[in-house]
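Working notes, beginning with the structure itself.
Nothing in this text is a laboratory measurement; each read-out follows from the coordinates by a stated rule. Predicted, not measured: the structure shown is a model, and the values here were computed from it. We place every Cβ from the backbone using ideal geometry, glycine too, and count neighbours over all the protein chains shown.
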Amino acid sequence: MADTKFDVIIIGGGPGGYVTAIRAAQLGFKTCVVEKEHMGGICLNWGCIPTKALLRSAEIYHNMLHAKNYGLSAENVSFNMADVVSRSRGVSKRLTGGVEHLMKKNKVTVIDGKAKLNGPGKVDVTGKDGKAAGTYTAEHIIVATGARPRALPGIEPDKKLIWTYFEAMVPEKTPKSLLVIGSGAIGIEFASFYQTMGVDVTVVEVMKQIMPVEDEEISKMARKQLEKNGLKIMTETKVTGVKKGADNVTCTIEDKKGKTSEITVDRVISAVGVQGNIEDIGLETTKIKTDRGCIVADEFSRTTEKGIYAIGDVAGPPMLAHKAEHEGVICIEKIAGVEGVHPMDKGKIPGCTYCNPQVASVGLTEAKAIEAGYDVKVGRFLFLANGKAIALGEDQGMIKTVFDKKTGQLLGAHMVGAEVTELIQGFVIAMNLETTEEDLMHTVFPHPTLSEMMHESVLDAYGRVIHM
């Protein structure tokens, strides 16, 4: 007879769920994870990891096409999309297997099936065959069901002509033309990937700038480079309708003045955001409240039903894997009574977009800092003045820092250019340590590195920039 009583049951085996399970096991809890599809969730199987594998293939292909810029020769450069996709799926499979190993190593019970709350402390599980697989009990239940692509009315994905990121990741063939609706991280990453692979790509964004959450200067610089690469971008514009053909889609486009036009493309990617998976998980059997498609939870992930918690995308923005992981650790450590547990500061969660050029940020944009009442000092440093960037052939980009003039507090950091998704963590650490401009100015950065630009940007905010 299978054991059905646990200390902690986690619904969902994505980044938030499996990381929380490991930490729960480390803290001595008898722990179980219920996962209906694959361990690792969307991130490892259909999101963060496989998309980065695709973008890596695109990056290498791009560099091979421009080999002469490095004094090299590469002739008859080509690609096989099936092989590119196969590599991406292989990377995903390898990591999913790693998560399964971690579950075994930490003695976490994994139940394959669909979980549904049955009031406080109880979870009913249905197997993949659709049959009841049992009822499990625990004092603490953590909901980590993640999110799924949001659909626009009238432009619902059909998996053939109109794609979500699922279909965009495993195309049967490379389309000749593509329209991407939405210029957030998902939309821009796929637009950048397909454009690099030779597809005629148009991006339609309803807001006045691409990557709307980013600093305006950074967004403008990214757009300039993306358009130089060949991407077509239409802002303050929306898709108002689609007409499907046998193997193409005609989209009606409307600009801010109400003027309409049509564009016919092979495929459309709908990248207009995601929504929490709150349906059919038994919320109606509890006192849990929801708001705008997400579960309402406090700073320690406690819902309005005692003993039930919510973490990750299903608990609301920012919908990022690293937020889900850290949120889960805070949640379980609070449950365990670990000393010194404190709420996560969502203002210090970094965001990264892995297009070409990369974009990364943390904290307040310049506009948001001013709106919040700060008197700001702003520093900027361009890639074209950095020796390592020039040596890499990556001299287009900028590091921007925003400080509180009164206290020297670092309020935000914003970057566009090569490898900035790896650089941003330096400023994240600085903000968490409440580092001031003086601390950063007196920090020795290694030479020659791209990280020197972080130092120079700080110096620039205080009129002390050296190399520009």
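In whole Hz, what ³J(HN,Hα) sequence does the stretch 200-208 give by Karplus (6.51, -1.76, 1.60; θ = phi - 60°), x for Gly and Pro?
7, 10, 10, 10, 10, 10, 6, 7, 7
If you compute semi-axes √(5λ) of the Cα gyration tensor in Å for the structure shown, which of (i) 54, 29, 24; (ii) 43, 27, 18; (iii) 37, 30, 22 do you land on?
Step by step, semi-axes √(5λ) of the Cα gyration tensor in Å for this structure corresponds to label (iii).
With 25 Å as the limit, write out which pairs from Lys131/Lys323; Lys173/Lys243; Lys93/Lys122; Lys105/Lys131; Lys128/Lys159 have Cα-Cα distances beyond it, or answer none.
Lys131/Lys323; Lys93/Lys122; Lys105/Lys131
Counting only residues 5 or more places away or on other chains, whose amide H sits under 5 Å from the amide H of Ile111 once H atoms are built in the peptide plane?
Those qualifying (amide H under 5 Å, at least 5 residues apart or on another chain) are Val33, Val34, Glu35.
Starting from the stretch 383-459, pick out the trypsin sites (Lys or Arg not before Pro) whose DSSP state is loop and whose Cβ has at most 11 other Cβ atoms within 10 Å.
Counting only loop positions with at most 11 other Cβ atoms within 10 Å, the trypsin sites (Lys or Arg not before Pro) in the stretch 383-459 are Lys406.
Could you list the GluC sites (Glu not before Pro) in the stretch 1-101 that lie in coil according to DSSP, counting only those with at most 11 other Cβ atoms within 10 Å of their Cβ?
For GluC sites (Glu not before Pro) across the stretch 1-101 that sit outside H, G, I, E and B with at most 11 neighbouring Cβ atoms in 10 Å, the list reads Glu75.
Taking only complete DSSP H runs, can you tell me which helices of the chain stretch 15 Å or more along their own long axis by Cα positions and average at least -0.5 on the Kyte-Doolittle scale?
Membrane-span-like by this rule: 15-26, 48-65, 81-105, 185-196, 321-336, 420-432.
Just in the stretch 121-178: which trypsin sites (Lys or Arg not before Pro) are loop by DSSP and have at most 12 other Cβ atoms within 10 Å?
Sparse-neighbourhood loop trypsin sites (Lys or Arg not before Pro): Lys128, Lys131, Lys159, Lys160, Lys173, Lys176.
Restricting to bridges with both residues inside the chain, how much of the DSSP beta-bridge set is antiparallel, in percent to the nearest 5?
60 percent
Report the local net charge at Tyr61: Lys and Arg +1, Asp and Glu -1, summed over other residues whose C-beta lies under 13 Å from its C-beta.
Cβ neighbours under 13 Å give a net charge of 0.
Put +1 on the Cβ of each Lys and Arg and -1 on the Cβ of each Asp and Glu in the chain; which of Ala25, Thr109, Ala385 then has its Cα farthest toward the positive end of the dipole?
Thr109
Return the long-range amide H neighbours of Arg150 (sequence gap of 5 or more, or a different chain), with a cut-off of under 5 Å between placed amide H atoms.
Val272, Gly273, Val274, Gln275
So in the chain, which Cys have no other cysteine's beta-carbon sitting under 4.7 angstrom from theirs?
Cys32, Cys251, Cys294, Cys331, Cys352, Cys355
Grab the beta carbon distance between Asn106 and Lys406, set R0 = 35 Å, and tell me the FRET efficiency rounded to 0.05.
0.15
Obtain the nm distance between the two label points defined at Leu384 and Asn69 by a simple spin-label model: each point lies 7 Å from its Cα along the Cα-to-C-beta direction.
For the pair Leu384/Asn69, the computed spacing is 1.4 nm.
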